[in-house]
Amino acid sequence: MFNPEQATAFNAVLKSITNNQGLLFFIHTAGGCGKTFLCNTIAVEIRRRGQVALYVALSRIAALLLDGEKTSHLYFKIPLSINEDSMAGLKRNSYMFPVIQQTKVIIWDEVPMQHKYDIDAADQYLRDLLEISNYLYLIVVELTYYLE
């Protein structure tokens with residue numbers, strides 16, 4: 001089902017989650033190498049275990065390829081006009097708060113294309129909202145091919 005690199009990444013992510021290691025994974029390779037398949041499979045496995053996996057992307061077009069189809073701005077209520085002091089707008093009384101509380105992994109596609117302040121706002125929001133009481137894992141995926 002996986003090529004050797006995908007199997008290594010899949011096993012490392014699941015080991016980290018199972019052992020509550022709280023690691024950050026960055027998956028980057030050329031287009032067509034199976035990143036979306038790998039991340040969808042990770043999300044399916046986490047959900048099969050009865051846990052919550054959020055899958056978000058910067059753009060709606062990229063989100064259409066993901067199991068979940070949501071943008072980071074929608075999930076975290078990141079303001080479209082952002083600066084270094086901006087905060088994500090999701091509140092404790094939001095319908096998404098219980099989902100965020102139960103989330104075991106966030107798979108965030110197109111992170112390198114996201115503005116730094118967007119990521120900072122989401123990070124601060126998660127730290128404040130969750131009060132750092134649970135381990136949360138983030139897998140970032142870059143689906144854009146760079147010529148180097």
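The values are calculated or read from the model by the stated rules, or taken from the named source; none is laboratory data. All figures in this text were calculated on a predicted structure; none of them were measured in a lab. Glycine gets a Cβ as well: all are built from the backbone with ideal geometry, and neighbour counts include every protein chain shown.
So here's what we get for this one:
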| quantity | calculated |
| --- | --- |
| Meets criteria (over 12 Å from residue 110 (Cβ atoms), under 16 Å from the mean Cα position of the chain (by Cα) and touching a residue at least 40 places away in the same chain (Cβ under 8 Å)) for residue 54 | yes |
| Filtered residue count, region 1-37, keeping only those that are touching a residue at least 40 places away in the same chain (Cβ under 8 Å), within 21 Å of residue 62 (Cβ to Cβ) and not small (Gly, Ala, Ser) | 8 |
| Residue among 62, 121 that is modelled with pLDDT under 80, in a helix (DSSP H, G or I), aliphatic (A, V, I, L, M) and crowded, with 17+ Cβ neighbours inside 10 Å | 62 |
| Given (1) crowded, with 17+ Cβ neighbours inside 10 Å; (2) modelled with pLDDT of 80 or more; (3) hydroxyl-bearing (Ser, Thr, Tyr), number of the condition residue 137 does not satisfy | (2) |
| Any hit, region 97-106, residues being under 12 Å from the mean Cα position of the chain (by Cα) and surrounded by fewer than 16 Cβ atoms within 10 Å (Cβ to Cβ) | no |
| Residues (modelled with pLDDT of 80 or more and either assigned to a strand (DSSP E or B) or within 29 Å of residue 34 (Cα to Cα) (or both)) located in region 78-112 | 78, 99, 100, 102, 103, 104, 105, 106, 107, 108, 109 |
| Residue among 58, 38, 54 that is out of contact with any Cys (no Cβ under 7 Å at 6 or more places or on another chain), more than 24 Å from residue 2 (Cα to Cα) and not basic (Lys, Arg) | 58 |
| Filtered residue count, region 1-29, keeping only those that are within 21 Å of residue 47 (Cβ to Cβ), touching a strand residue (DSSP E or B) at 6+ places or on another chain (Cβ under 8 Å) and of a type in the set (A, V, I, L, M, F, W, C) | 8 |
| Whichever residue in region 34-58 is touching a helix residue (DSSP H, G or I) at 6+ places or on another chain (Cβ under 8 Å) and in a loop (DSSP other than H, G, I, E, B) and, among such residues, is surrounded by the fewest Cβ atoms within 10 Å (Cβ to Cβ) | 51 |
| Residue list for region 69-92, filter: surrounded by 15 or more Cβ atoms within 10 Å (Cβ to Cβ) and on the phi > 0 side of the Ramachandran plot | 77 |
